[in-house]
Each structure stands twice: as C-alpha cells, then as structure tokens.
Amino acid sequence: MAKRKSSSKAVADKSGEYSNAKLYSKKHVWALKQKNNTALVGVTDYITDELASIDNIDMPMVGDELEMEAFCLHLHVGSRIHHVRAPLSGRVLEINKEIEDTPCLIHINPNDTWLFKMEYDDEGEMDLLLNGDQYAKFLDQL
C-alpha cells in the first residue's frame, strides 16, 4: 500500500494508505473492482479532509446512467456543494443507504466506505485510473 503524507487536516483514525486493489481518479474518487463488471465507488480521504464536515449527500439513483468524469453525486458542507465525478461509465446498481442516511459516517474511514455500486461498461476505462502507488505520488505533487 502506498502511504499519503500526513495532513494537518487528517482525521486521527485514517491510515493514509492507498490500496493497489483499488483504482483512483485524479478527482479523488476510488473504484474497487468486483465480480461481473461491477465496482464499488467511494471518495478518498483527500476530499473528506478538504470538506471537513459533510452534512448531506445527494446520491445517484439506482438505474442512473453515469459517464466517466461526469458529475454523479454531490456532497453538501454548510451552504457549499462539492460535485463528485464518476470514475467510470455505467449504471448504478445499489446505494449505500447507511451513508445516505448518516453522511457524517463517511469521515470515519472514507478510503474504505463505498457510496454506490455500479456496473461499468468499458474495462478499458480502468486503464485510465491510477493504482494506489500512482495516486499517492499524484497527491505528493499537489
């Protein structure tokens, strides 16, 4: 696993490690490949550290068609809204209802908390994402 440099905004329970089992976008969204062209999708601790306290999450709906890099969900922090981009193209199969109902739980361990499950259309899009080591290096350049 690749380690992230510690941040002054880091939450104490986070490991700061990025698994090479997951793939990451440069927009700080991860995808964990599952069976049958499906993936779990979540946001990294980079986003949750930057946003501090997420009050609400507007999740996509089951059946929604997503395009890679298009907005797929919205994180509300006070009066601000952070738009999250889809890491892959495909359709939403399932929403994590626990996180939808209690958004603050995402801060406990964002690197392991999935937001939705999707069926992706193009395996080739996976090649456009970063592995954990590459993502950690990308963060070092920010």
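The values are calculated or read from the model by the stated rules, or taken from the named source; none is laboratory data. Please read all numbers here as calculations on a predicted model, not as lab measurements. When we count neighbours, we look across all protein chains shown, and the Cβ atoms used for this are built from the backbone with ideal geometry, even at glycine.
If you go through the stretch 78-89 and keep only what is hydrophobic (A, V, I, L, M, F, W, C) and part of a strand (DSSP E or B), you end up with Ile81, Val84.
Let's see how each residue does on (1) more than 21 Å from Thr38 (Cβ to Cβ); (2) of a type in the set (Gly, Ala, Ser):
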| position | (1), (2) |
| --- | --- |
| Ile81 | yes, no |
| Ala86 | no, yes |
| Glu100 | no, no |
| Asn109 | yes, no |
| Tyr120 | no, no |
| Glu125 | no, no |
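Looking across the stretch 90-141, the residues that are assigned to a loop (DSSP other than H, G, I, E, B), touching a residue at least 24 places away in the same chain (Cβ under 8 Å) and surrounded by fewer than 17 Cβ atoms within 10 Å (Cβ to Cβ) come down to Ile108, Asn109, Asp121, Asp122, Asn131.
Filter the stretch 58-79 down to residues that are buried (at least 23 other Cβ atoms within 10 Å of the Cβ) and out of contact with any Gly (no Cβ under 8 Å at 6 or more places or on another chain), then give me how many there are. If you could, list the steps in order and put the result at the bottom.
Filtering the stretch 58-79 down to residues buried (at least 23 other Cβ atoms within 10 Å of the Cβ) leaves 66, 72-73.
Narrowing further to those that are out of contact with any Gly (no Cβ under 8 Å at 6 or more places or on another chain): 72-73.
Count: 2.
Filtered by the rule that a residue be free of Cβ contacts under 8 Å to residues at least 24 places away in the same chain and outside any strand (DSSP E or B), the stretch 53-77 gives Glu67, Ala70. Considering Leu66, Leu88, the condition of being of a type in the set (A, V, I, L, M, F, W, C) and touching a helix residue (DSSP H, G or I) at 6+ places or on another chain (Cβ under 6 Å) is satisfied by Leu88 alone.
State all residues of the stretch 123-142 that are in contact with a strand residue (DSSP E or B) (Cβ under 8 Å, 6 or more places away or on another chain) and of a type outside the set (A, V, I, L, M, F, W, C); if no residue qualifies, say none. Show your work before the answer.
Of the stretch 123-142, the ones in contact with a strand residue (DSSP E or B) (Cβ under 8 Å, 6 or more places away or on another chain) are 126, 129-138.
If the condition is that a residue be in contact with a strand residue (DSSP E or B) (Cβ under 8 Å, 6 or more places away or on another chain) and of a type outside the set (A, V, I, L, M, F, W, C), then Asn131, Gly132, Asp133, Gln134, Tyr135, Lys137 are the ones that fit.
Has the stretch 59-75 got at least one residue that is among the charged types (D, E, K, R), within 15 Å of Leu115 (Cα to Cα) and in contact with a Lys or Arg (Cβ under 7 Å, 6 or more places away or on another chain)?
Step one: of the stretch 59-75, the residues among the charged types (D, E, K, R) are 64-65, 67, 69.
Remaining after also requiring within 15 Å of Leu115 (Cα to Cα): 64.
Next cut, in contact with a Lys or Arg (Cβ under 7 Å, 6 or more places away or on another chain) only: 64.
Taking every residue of the stretch 59-75 in turn, at least one turns out to be among the charged types (D, E, K, R), within 15 Å of Leu115 (Cα to Cα) and in contact with a Lys or Arg (Cβ under 7 Å, 6 or more places away or on another chain).
Candidates are the residues of the stretch 1-45 that are of a type in the set (Phe, Trp, Tyr) and at pLDDT 95 or above; the one that is surrounded by the fewest Cβ atoms within 10 Å (Cβ to Cβ) is Tyr24.
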